[in-house]
Amino acid sequence: MYRRIVILTGAGISAESGIQTFRDQDGLWEQHHIEDVATPEGYARDRELVERFYNLRWQDLHRDDIAPNAAHVALAKLEREFDGEVLLVTQNVDNLHELAGSKRLLHMHGELMKGRCPQSQQTFNLKEMFGPDNVCTCCIPAERLRPHIVWFGEMPFGMDTIHHALDECDLFIAIGTSGTVYPAAGFVDIANHRCAQTVEVNLMPADSHSQFQYHFTGKAGEIVPQLVDSILAGEVVG
Ligand code: NAD
Ligand code: APR
C-alpha cells in the first residue's frame, strides 16, 4: 500500500484541545494585528508587546485543561505502527504533537516553548515565559532571547526536508489548515505533481480545497483516528 506519507497540520488540529486558531471566528488574528505581533518589524518596534502576545499564548498552552486530542494521538500511533515512512510537518507552535508521542516531527513555524538567540540563532528550551531573564548562554554579553517563532517575512524551517519528502510521497494529508499562508499552502501542488494521493481534513473547505483529490469534512478529532486506522489496515484512502 502506501510507503511514504507526508502530513501537514495547522491550528485546526489543536482547536479541540482548546487552543485558538488564527482565522476562525474569534481567532487570534481578529484580536491582534499580525504586523504588530508576528513580524520582525513589529518586534523591533515594540518588543514588550510581542513578548506579551507570546506570553499570553504560553499561559494558554500551560492551562491544566490543555492536552493532545484524539487527532494528535492517532498521528503518533500512525508513526509507531506504519511500516513505511511518515513525516509530520506542523505549522503549529504548540507542543501537543510531542505530548501525544510524535517524534518524526518538523515545526516549520518554530516552537513557542523555545527561545532563540538573535545573534547565534541557537535555540534554548524556555523554563519560563519571555522576559528580561530569558538570555542566551552563547554570547558575551548575553543576548535577550527572541521567540523561536517564524514571523511573516521570515523563512520557515526545514524546507529542504519537506520538499524532499513531498517529492517522494505517495500520500499527502493536510489537517486543520486554512491553506492561506505560503509556502505550506503550496505543498498540495507539489504532492499532486508527484501523483501522490492528496487529502484534506477540515471543518470547511480551505482556500486550497480545489487542489485536493479527496476531502473529509468534519472534526479532526473524529476523522483522523478513522483515517489512521484505515491506512494501517492497508486500505486506500480515496
Ligand atoms: P505569507 O505566508 O502570508 O505569504 C507568503 C508569500 O506567498 C507571500 O509572498 C505571498 O504574496 C505569497 N502568496 C500568498 N498567496 C499566494 C498564492 N495564492 N499563490 C502564490 N503565492 C501566494 O507571508 P510570509 O511573509 O511569506 O510568511 C513567511 C512564513 O512565516 C510563512 O510560512 C508564515 O506561515 C510564517 N508565519 C508564522 C507566524 C507564526 O506566528 N508562527 C506568523 C506569521 C507568519
Ligand atoms: N477540525 C478540523 N479543522 C478545523 C477544526 C477542527 N476541529 N477547527 C478549525 N479547523 C480548521 C478551520 O476550518 C481552518 O481552515 O482549521 C483551519 C485553521 O486555519 P488558521 O486559523 O488559518 O490556521 P493555520 O492554517 O494553521 O494558519 C497557518 O498562518 O498566521 C500564520 O503561522 C501562522 O501557522 C499559522 C499559519
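Okay, residues lined up against (1) more than 12 Å from ligand 1 (Cβ to nearest atom); (2) part of a helix (DSSP H, G or I); (3) in contact (Cβ under 8 Å) with a residue 40 or more places away in the chain; (4) not basic (K, R):
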| residue | (1), (2), (3), (4) |
| --- | --- |
| K103 | yes, no, no, no |
| L112 | no, no, yes, yes |
| S120 | yes, no, no, yes |
| M129 | yes, no, yes, yes |
| P132 | yes, no, no, yes |
| P147 | no, no, yes, yes |
| F152 | no, no, yes, yes |
| I162 | no, yes, yes, yes |
| L166 | yes, yes, yes, yes |
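Within segment 116-143, the set of residues being among the small types (G, A, S) and modelled with pLDDT under 95 comprises G131, A142.
Scanning segment 36-88 for residues that are within 21 Å of I13 (Cβ to Cβ), open to solvent by 10 Å² or more (accessible area, probe 1.4 Å) and of a type in the set (F, W, Y), we see that the one that is farthest from the chain's Cα centre (by Cα) is F82.
Out of L87, L75, which single residue is over 19 Å from P225 (Cβ atoms), more than 16 Å from ligand 1 (Cβ to nearest atom) and either modelled with pLDDT of 95 or more or outside any loop (DSSP other than H, G, I, E, B) (or both)? Steps first, answer last, please.
On the way: L75 fails: over 19 Å from P225 (Cβ atoms).
Criteria check complete, one pass: L87.
So is A174 without any contact (Cβ under 8 Å) to a residue 24 or more places away in the chain, of a type in the set (A, V, I, L, M) and not in a helix (DSSP H, G or I) or not?
Details: without any contact (Cβ under 8 Å) to a residue 24 or more places away in the chain: no; of a type in the set (A, V, I, L, M): yes; not in a helix (DSSP H, G or I): yes.
The answer is no for A174.
Mind checking which residues of segment 188-202 are surrounded by 15 or more Cβ atoms within 10 Å (Cβ to Cβ) and either within 16 Å of ligand 1 (Cβ to nearest atom) or at pLDDT 95 or above (or both)? Matches in segment 188-202: V188, I190, A191, N192, Q197, T198, V199, E200, V201, N202.
Could you grab me the full set of residues in segment 4-35 that are open to solvent by less than 20 Å² (accessible area, probe 1.4 Å), under 16 Å from the mean Cα position of the chain (by Cα), more than 8 Å from ligand 2 (Cβ to nearest atom) and of a type outside the set (S, T, N, Q)? Once the filter is applied, which keeps residues that are open to solvent by less than 20 Å² (accessible area, probe 1.4 Å), under 16 Å from the mean Cα position of the chain (by Cα), more than 8 Å from ligand 2 (Cβ to nearest atom) and of a type outside the set (S, T, N, Q), segment 4-35 yields V6, I7, L8.
Select from segment 189-225 the residues that are away from ligand 2 (no atom under 13 Å from the Cβ) and part of a helix (DSSP H, G or I) and list them in ascending order. Before the answer, list the steps.
Step one: list which residues in segment 189-225 are away from ligand 2 (no atom under 13 Å from the Cβ), which gives 189-198, 210-211, 213-214.
If the condition is that a residue be away from ligand 2 (no atom under 13 Å from the Cβ) and part of a helix (DSSP H, G or I), then D189, I190, A191, N192, H193, S210, Q211 are the ones that fit.
Of everything in segment 143-166, what is hydrophobic (A, V, I, L, M, F, W, C) and open to solvent by 50 Å² or more (accessible area, probe 1.4 Å)? Give them in sequence order. Those that are hydrophobic (A, V, I, L, M, F, W, C) and open to solvent by 50 Å² or more (accessible area, probe 1.4 Å): F152, M155, F157.
Taking the conditions exactly as written (more than 27 Å from D133 (Cβ to Cβ), outside the structural domain of G176 (by the TED database) and touching a Gly at 6+ places or on another chain (Cβ under 7 Å)), does E30 satisfy them or not? Here the answer is no, as E30 does not meet what is asked.
Looking only at segment 203-238, count every residue that is closer than 12 Å to V188 by Cβ and open to solvent by 30 Å² or more (accessible area, probe 1.4 Å) and tell me the total.
The first filter runs over segment 203-238 and keeps only residues closer than 12 Å to V188 by Cβ, leaving 206-215.
Filter again for open to solvent by 30 Å² or more (accessible area, probe 1.4 Å), leaving 207, 209-211, 213-215.
The qualifying residues number 7.
The values are calculated or read from the model by the stated rules, or taken from the named source; none is laboratory data. Bear in mind that the values here come from a model prediction, so they are computed numbers and not experimental data. Virtual Cβ from ideal backbone geometry, glycine too; neighbours counted across all protein chains shown. Ligands, DNA and RNA are excluded from the accessible area calculation, which covers all protein heavy atoms including side chains. Shrake-Rupley method; radii C 1.70, N 1.55, O 1.52, S 1.80 Å.
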